Amino acid sequence: MSKASNQSAASSGKAALDQPSNFIRNIIDADNASGKYGGRVETRFPPEPNGYLHIGHAKSICLNFGLARDYGGVCHMRFDDTNPTREEQEYVDSILDAVKWMGFNWGPHLSYASNYFGKLYEFAEYMIEQGHAYVDSLSADEMREFRGTLTEAGKNSLYRDRPIAESLDLFRRMKNGEFSNGAHVLRAKIDMASPNINLRDPVMYRIRHAEHHRTGNQWCIYPSYDWTHGANDALENITHSICTLEFEDHRPLYDWFNQRLADGGKLRRPLPQQIEFARLNLTYVVLSKRKLIQLVEEGHVDGWDDPRMPTLVGARRRGYVPEGFRLFAERIGVSKADSWIDYSILEDCMREDLNERCERRIAVLNPLKLIIDNYPDGQSEDCDAPNHPQKPELGKRAMPFSKELWIERDDFMETPVKGFFRLSPGNEVRLRYGYLIKCVGVEKDASGEVKAVHCTYDPETKSGTPGAEVTRKVKGNIHWVSAAHACQAEVRLYDRLFSVQHPGSGERDYVLDINANSKQIITPYLEPALKEAKPEQRFQFERHGYFVADRVESKPGQPIFNRTVTLRDSWGKDGKP
């Protein structure tokens, strides 16, 4: 732990006490009380650089970095780059960018499993010399056959009792590139009859003649995750190694490797402890890396950063904010039991944050022309609109007003139903931030569809004029943009990518559950202030939801807007799936 971290431990201890308790915090509190690690709290976030991070990783990022922050410790950013055939620098860069975007910083604690390849090889030779590992020459099919099942014990390999000197010689020759892929593996010698199948002589090294994105062709043998992870944790002085629940059965192996290395003086005690928590199970999405790759490669989405994708690059492009993810992680908590979290909780967290940060603007998504018959031709004026109704310090903006306006088609009904208080023949409503108007007629096309609405306005009722708001009370209040001043821009209405809670449940192909209406593109009319929106600038389009200027395709003076989330949860209502 750094000196600065030590100095902040006392104040951070109070921060930890202020956080909601969970079983991981209880373990850390007990360790600190006993002095097990001398008050140190060091965690790590160890992704594989073989894909883009997704929403499930956001929970792990918040947990690992958050625990270190709250206890005055450090979180190591470490890449588990042990499979050269699937890893790329592109993924490394995207992961680092995503963690920074989430609001966390690893400082000097950036590392890679490949940093320790030399040390791990040294440790592996030690394990062979101590009789804890051997080189096995069974084929992959034979290894599977000998491994047994969950109900039947495995069988010892024909090479399990190979002399130490022979295994050591073969292992060195494996390293030197003398054998082809699959010719030999290095296995730990534990117990082929163990009820825990992970302890049945697991593989420690495989031969892979492949170029590594960091080490090039320096190595042709690569360590397994189980062998690498615990040793790397110990080498980096990790105290609490937080994993998801599927690694619970791997914990005895994690401890077995580290204890034998520590017994030989290769690792220092106290050793790190692995703690498992339930991974994020979120409705209406798929988080399987295999399925995400399929979505991209088969063209069901427009790439890894498609705003419908559950990747963090996709979420960012959609307009989700890191503060919303951190609120989400806090709200769902940490548990040992698997459970499903409804996607609406994540959307609510985003709304809650965006409501505070987003200035308001007006957009007419489904336009209908409104003509004010008694407004002077060629005249225009400004109406004042607040940038944020709850934050007067953000000031106001001028909205140009003229004879012809665009209003929402849903705000007019020629034959109003009961409870409809917006614009209809003979009815009076207020133009938001503007005047009271009264509908006096309509224009229709040959098919009978209303093409324009004619109104008159009362010039004494302009919003903001003293007394104007109480001159006459009306129930309807509709929004608008001036036809002469409005700008048009591409707006992408994104919705959930899947139409069912659990895509692909049972034997069903999850691709069949894709929501056909998950992306709609329109070109509506926007108030002119939106024309200069900058990439990633966010707004609330009044009555429609939260929108962001696309960070990839927006250009100066030509923004493209993505809908981030609606103003309220309407999924399952209004005819949606």
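The values are calculated or read from the model by the stated rules, or taken from the named source; none is laboratory data. None of the values given here were measured: they were computed from a predicted structure. With ideal geometry, Cβ positions are generated from the backbone for all residues, glycine too; neighbour counts draw on all protein chains shown. Ligands, DNA and RNA are excluded from the accessible area calculation, which covers all protein heavy atoms including side chains. Shrake-Rupley method; radii C 1.70, N 1.55, O 1.52, S 1.80 Å.
Solvent exposure of R432, expressed as accessible area, is near 80 Å², computed with a probe of 1.4 Å over the protein chains only. Taking θ as phi - 60° and the Karplus parameters 6.51, -1.76 and 1.60, the scalar couplings of region 67-77 work out to 4, 4, 4, 5, 9, x, x, 9, 10, 8, 9 Hz in sequence order, x denoting glycine and proline. The order of the peptides 448-455, 60-67 by mean Cβ neighbours within 10 Å, most packed first, is 60-67, 448-455. Taken about its Cα centre, the chain carries a charge dipole of roughly 880 debye when the Cβ of each Lys and Arg holds +1 and the Cβ of each Asp and Glu holds -1. Comparing Cα centroids, region 257-311 and region 140-175 end up 28 angstrom apart. Shown here for region 39-127: trypsin sites (Lys or Arg not before Pro) in loop regions (DSSP other than H, G, I, E, B) with at most 16 other Cβ atoms within 10 Å, namely R86.
Here's how it looks for Y159: its modeled amide H is under 5 Å from those of S137, which are all 5 or more places away or on a different chain. Please say if region 154-243 is rounded, prolate or oblate, where rounded means a/c under 1.5 for a ≥ b ≥ c the square roots of the C-alpha gyration tensor eigenvalues, and otherwise the choice is prolate for a/b larger than b/c and oblate otherwise? Judged from the Cα gyration tensor, region 154-243 comes out oblate (a/c at least 1.5, b/c at or above a/b). Relative contact order, whole percent, for region 493-565 stands at 26, derived from Cα pairs under 8 Å and 6 or more residues apart. Less than 5 angstrom separates the built amide H of V481 from those of W406, all sequence-distant by 5 or more or on a different chain. Listed cross-link partners K418/K475; K444/K475; K369/K438; K100/K555; K438/K475 are compared with a 18 Å cut-off, the Cα-Cα value being larger for K444/K475; K100/K555.
Centre-to-centre, using Cα atoms only, region 93-134 and region 337-404 are separated by 49 Å. By the compact-protein rule of thumb, 2.2 N^0.38 Å, the alpha-carbon radius of gyration of region 210-304 corresponds to a ratio of 1.44. In the context of the full set of protein chains, the chain has a per residue accessible area of 44 Å² (1.4 Å probe). As a length-normalised measure over Cα pairs under 8 Å and 6 or more apart, the relative contact order of region 28-170 settles at 19 percent. Phi angles of region 343-351 translate, via the Karplus equation with coefficients 6.51, -1.76, 1.60 and θ = phi - 60°, into HN-Hα couplings of 4, 4, 5, 5, 4, 5, 5, 5, 4 Hz per residue; Gly and Pro are given as x.
The chymotrypsin sites (Phe, Trp or Tyr not before Pro) of region 325-383 that meet both conditions, a loop assignment by DSSP and at most 13 other Cβ atoms within 10 Å of the site Cβ, are W340.
Would you work out if region 350-392 is rounded, prolate or oblate? Take a ≥ b ≥ c from the square roots of the eigenvalues of the alpha-carbon gyration tensor; rounded if a/c is under 1.5, else prolate when a/b is larger than b/c, oblate otherwise. Oblate.
Contact order for region 32-111, expressed relative to its length and based on alpha carbon pairs under 8 Å spaced 6+ residues apart, stands at 37 percent. Restriction of the trypsin sites (Lys or Arg not before Pro) in region 233-327 to DSSP coil positions whose beta-carbon has at most 13 other beta-carbons within 10 angstrom yields R268. At a Cα cut-off below 17 Å, give the lysines reachable from K391, other chains included and same-chain residues fewer than 8 away excluded. Hits, sequence-local ones excluded: zero.
Amide H contacts under 5 Å for L267: A262, restricted to partners 5 or more places along the chain or on a different chain, H placed in the peptide plane at 1.01 Å from N. Remark: region 115-175 carries a charge dipole of roughly 140 debye about the Cα centre, counting +1 on each Lys and Arg Cβ and -1 on each Asp and Glu Cβ.
Listed by chain and number, the lysines placed with their C-alpha closer than 22 angstrom to that of K189 are K119, K155, K175, K266; residues fewer than eight positions away on the same chain are left out. Here region 187-249 is assigned +1 on the Cβ of each Lys and Arg and -1 on the Cβ of each Asp and Glu. Its dipole about the Cα centre then comes out at about 360 debye. A cut-off under 11 angstrom between Cβ atoms defines the neighbours of N366, and their net charge, with Lys, Arg +1 and Asp, Glu -1, is -2. Which FRET efficiency, nearest 0.05, do E211 and R568 yield, Cβ-Cβ r, R0 60 Å? The pair E211/R568 has a calculated efficiency of 0.70. In the chain the Cα-Cα distances spread across 10 Å bins starting at 0 as 3, 14, 20, 20, 16, 10, 7, 5, 3, 1, 0 percent of all pairs. With both labels modelled 7 Å from their Cα along Cα-to-Cβ, the I197 to D302 distance reads 4.3 nm. Between the helical axis of 251-263 and the longest alpha-carbon principal axis of the chain there is an angle of about 50 degrees. Determine the shape class of region 32-126: with a ≥ b ≥ c the square roots of the Cα gyration tensor eigenvalues, call it rounded for a/c under 1.5, and otherwise prolate if a/b is greater than b/c, oblate otherwise. Since a/c reaches 1.5 but b/c is at least a/b, the shape of region 32-126 is classed as oblate.
A simple count of charges around Y134, restricted to other residues whose Cβ falls under 13 Å of its Cβ and scoring Lys, Arg +1 and Asp, Glu -1, yields -3. In sequence order, region 529-543 has phi-based couplings of 4, 7, 5, 9, 4, 9, x, 6, 7, 10, 9, 9, 7, 3, 6 Hz under the Karplus curve 6.51 cos²θ - 1.76 cosθ + 1.60, θ = phi - 60°, and Gly or Pro positions carry x.
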